[in-house]
Amino acid sequence: MRQRFSGSFPNFSSAVQPPPPRRDLHEEAATNLDWDFPYKPKDVKQFLDRSIMKQDEAKCALAIAICDHYNQVKAVYNGSDPGTDDYTKQNILLLGPSGVGKTYLIRKIAELIGVPFVKADATKFSETGYVGANVEDLVRELVSQARGDIRKAECGLIYLDEADKLASRQRSTGRDVNGRGVQFGLLRLMEETEIDLRSGHDLQSQLQTIMDFQRGKLGRGKVSTKHILFIVSGAFTGLEDIILRRVGRGALGFQADHSRVPDLSDKALDHATSEDFVNFGFEPEFIGRLPVRVACHPLSKDDLLSIMLNSDGSILRQYQKSFRAYDINLHFTDEALDRIASLAFEEKTGARGLMTICEKILRPFKFELPSTMIRNLLVTQGMVENPQGYLDQLLREYGQPLH
């Protein structure tokens, strides 16, 4: 049996650290519009490396896009570059299968730079005037996250997951209020527009507007989306087939140069073009407003093992903390961790598979052991293979009744 894992993680204190987040950024922007964005692309990537394993290309692309955007916002707010009025916003399209860290990447970026952040599922929206949420509600929620500070909200992040579900249905009869209509609604937001804080389709908002008018409390009632960065993501299942068909067409014929055809293997999404997204079901105008395309790739078994051992938010640390609440020390052997990573990889759900496997293994122990005198639990490969049998044996050794 090799060296046991007992909760000792790498010490990041000696690593190069990005500057601490500016906690007062919002207050400064709200008062005199004089605030700083101190980060460089390498600072952002190093911060992301502490929590997200692999995805280096995606982290580099995101770091550059984020720094470019907020440097431009800083220049506009501080009045140091009047030419930034013509700046084209670098909204981001994030592709990749479930469980590879797409949402976590954006959450950590928002945490680092300290701007209001809103995440929503694209499937809940419908075209304005139909049953379902309105995409303009995303901007209103951003104001809510900024505690009513409109200046804060106007430099925030909006993250829309499951965006691939907005692809319009081919050969669909009737109006596609949850696909094409929502795309055009988002298109307007991703460009420069102003959104009323009170929804015209919400009776409660209309009543509140009337009450504010009667009280003489009008204030500013619109939010500009000019400097709000939009990031949309999805698994885009089926897009790889479209890409491979396009690449394959270019390699047909006796005179085709097959040596120039790229080996896409597991990285077909890196080669996606606007044409591929249009064939997938997106409007050209919509996909054209997402100039930065970033692909995340599936995680290997070794990647999952590295996530457990090295990430700041390690699932192992979470379970050790939950057991420690019952005065139980939780430890893992290297063989157990290797087997957990293998089982999680077989789940095909990325890093989420680690939680699935650990929960299946440790749930019966978390139920039984707090009511016993057992204060140490060593997770071995045998316990991973047969949790209930291991628990029964452990309870017998300590003279505990079996349930």
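The values are calculated or read from the model by the stated rules, or taken from the named source; none is laboratory data. Keep in mind that what you see is a predicted model, and the values were worked out from it rather than measured. All Cβ positions, even for glycine, are placed from backbone atoms using ideal geometry, and neighbour counts span all protein chains on display. In case anyone asks, the SASA skips ligands and DNA or RNA and just uses the protein heavy atoms, side chains included. Shrake-Rupley method; radii C 1.70, N 1.55, O 1.52, S 1.80 Å.
State which residue is farthest from Ser98 (Cα to Cα) when the search covers only the stretch 323-376 and only residues that are part of a helix (DSSP H, G or I) and of a type in the set (Gly, Ala, Ser).
Among residues in the stretch 323-376 that are part of a helix (DSSP H, G or I) and of a type in the set (Gly, Ala, Ser), the one farthest from Ser98 (Cα to Cα) is Ser371.
In the set Gln381, Gln318, Gln393, which member is touching a helix residue (DSSP H, G or I) at 6+ places or on another chain (Cβ under 6 Å) and open to solvent by 80 Å² or more (accessible area, probe 1.4 Å)? If you could, list the steps in order and put the result at the bottom.
Working: Gln318 fails: touching a helix residue (DSSP H, G or I) at 6+ places or on another chain (Cβ under 6 Å); Gln393 fails: touching a helix residue (DSSP H, G or I) at 6+ places or on another chain (Cβ under 6 Å).
Within the list Gln381, Gln318, Gln393, the selection yields Gln381.
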Leading residue by the ranking (modelled with the lowest pLDDT) among those in the stretch 210-232 that are more than 25 Å from Thr103 (Cα to Cα) and basic (Lys, Arg): Lys217
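Evaluate the following for Ala336: is it of a type in the set (Gly, Ala, Ser) and surrounded by 21 or more Cβ atoms within 10 Å (Cβ to Cβ)? Quick ask: steps written out before the conclusion?
Values: of a type in the set (Gly, Ala, Ser): yes; surrounded by 21 or more Cβ atoms within 10 Å (Cβ to Cβ): yes.
Here the answer is yes, as Ala336 does meet what is asked.
Considering only the stretch 141-167, state which residues are over 15 Å from Val73 (Cβ atoms) and of a type in the set (A, V, I, L, M). Lay out the reasoning, then the answer.
Here is the first cut: in the stretch 141-167, the residues over 15 Å from Val73 (Cβ atoms) are 141, 143-145, 147-149, 159-167.
Answer for the stretch 141-167, where residues must be over 15 Å from Val73 (Cβ atoms) and of a type in the set (A, V, I, L, M): Val143, Leu160, Ala163, Leu166, Ala167.
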Out of (1) open to solvent by less than 40 Å² (accessible area, probe 1.4 Å); (2) assigned to a loop (DSSP other than H, G, I, E, B), the odd one out for Pro298 is which? (1)
Looking for something among the aromatic types (Phe, Trp, Tyr), closer than 25 Å to Ala61 by Cβ and surrounded by 17 or more Cβ atoms within 10 Å (Cβ to Cβ) - is there at least one such residue anywhere in the stretch 356-374? no
Starting from residues that are surrounded by fewer than 16 Cβ atoms within 10 Å (Cβ to Cβ) and farther than 25 Å from Ser306 by Cβ, keep the ones in the stretch 33-70 and report whichever is modelled with the lowest pLDDT. Leu33
